[in-house]
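S.K.: One structure follows; several queries about it will come next.
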């Protein structure tokens, strides 16, 4: 069989299986990517999804169920390519590999650098032998290659966003509202922000408050930092909200802040909130760190500020808060930029081309 015929056969046999432990109804960047990737590709090629439901099972049970489904799919040749949603699932690649089928894994950042001794052994044993590794940003790529992933078998494909239709009336924004969206963990930088940045801003803008959309293990530390800084009354705790409520807050807030700080073995692989904020026409100010550099086109879809530089953050946010019309214009420009450059179709196209090539190359190898 010649190469052209093999590629054609690979295109016909696109029974692709996606295994993910991050999927709706759970919310988050990894969940969004898994959902968009599988649902949009399913309209183009045959796709099987094996997704973990966190409320119904834990990871060990899911690994067993996924292994059984993979074995059956591979043994019956209904599966021609397997994609694993993150490095934690890497042991499952042993099954399709035993059948000579190609495997691809997406790396998100934390799944590469997590510092647990057990996980380091896990990663060393199983994060190897993949036909291809998809990284969500250059920061994740650098971490992956440092961990031994072969650079020649990697690609960087980011995350997309849906941009809703423009509102029929000009946007109105609460210029007293800074919005934080995310899990309350140390790398998100909210404790640092309320201690080192918010007091100075609050002194200049008496009505200013930070709406905190999210929850997590650092909430108590953030509250304590705010109390020490005397700004506890400037925080409004929204908790974990639905996508619709999140969209409403992004349409209301003056600025979406992402004040991430460097934390050892805890990488921010991308930062999908930056895209969501820009898509909603909300000005985004984010730390110039890790994968946030991939999510924010500085000066186009948002503003990057040096991480943990309080003076720079105070200047950047004060300038935005003092000029409402310029801030609204910046948000609208960001919206148009992500509409033109960060749509889901381009992201899905890139994945489809990659998967089709990997499947075709595997078919060609089998034909030789």
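S.K.: Please go through segment 199-223 and give me each residue that is in contact (Cβ under 8 Å) with a residue 24 or more places away in the chain and farther than 26 Å from residue 27 by Cβ, ordered by number. Walk me through it before giving the result.
M.R.: Here is the first cut: in segment 199-223, the residues in contact (Cβ under 8 Å) with a residue 24 or more places away in the chain are 199-202, 204-205, 207-219, 221-222.
Those that are in contact (Cβ under 8 Å) with a residue 24 or more places away in the chain and farther than 26 Å from residue 27 by Cβ: 199, 200, 201, 202, 204, 205, 207, 208.
S.K.: Next question, about the same structure. Tell me whether segment 195-203 contains one or more residues that are at pLDDT 95 or above and loosely packed, with under 15 Cβ neighbours inside 10 Å.
M.R.: Checked segment 195-203: at least one residue is at pLDDT 95 or above and loosely packed, with under 15 Cβ neighbours inside 10 Å.
S.K.: For the condition surrounded by fewer than 16 Cβ atoms within 10 Å (Cβ to Cβ) and in the same structural domain as residue 194 (by TED's automatic domain parsing), what is the one hit in 259, 306? Spell out how you get there, then give the answer.
M.R.: On the way: 259 fails: surrounded by fewer than 16 Cβ atoms within 10 Å (Cβ to Cβ).
Matching residue, one of 259, 306: 306.
S.K.: Only one residue in 365, 357 is over 16 Å from the mean Cα position of the chain (by Cα) and over 26 Å from residue 143 (Cα atoms). Which one?
M.R.: On the way: 357 fails: over 26 Å from residue 143 (Cα atoms).
Going through 365, 357 in turn, the sole match is 365.
S.K.: On to the next question. On the given criteria, is residue 134 touching a residue at least 24 places away in the same chain (Cβ under 8 Å), within 16 Å of the chain's Cα centre (by Cα) and outside any helix (DSSP H, G or I)?
M.R.: In short, yes.
S.K.: Of all residues in segment 271-317, which are within 24 Å of residue 247 (Cα to Cα), in contact with a strand residue (DSSP E or B) (Cβ under 8 Å, 6 or more places away or on another chain) and free of Cβ contacts under 8 Å to residues at least 12 places away in the same chain?
M.R.: 298
S.K.: Oh, and also: Before we move on, is residue 330 at pLDDT 95 or above, in a helix (DSSP H, G or I) and not assigned by TED's automatic domain parsing to the domain that holds residue 32?
M.R.: So residue 330 fits the description; yes.
S.K.: Modelled with pLDDT of 90 or more, under 15 Å from residue 355 (Cα atoms) and touching a strand residue (DSSP E or B) at 6+ places or on another chain (Cβ under 9 Å), is that true of residue 20?
M.R.: Judged against the criteria, residue 20 is not a match.
The values are calculated or read from the model by the stated rules, or taken from the named source; none is laboratory data. Small disclaimer: the values here were computed from a predicted structure and weren't measured. Ideal geometry is used to build each Cβ from the backbone, glycine not excepted, and the neighbour counts take in all protein chains shown.
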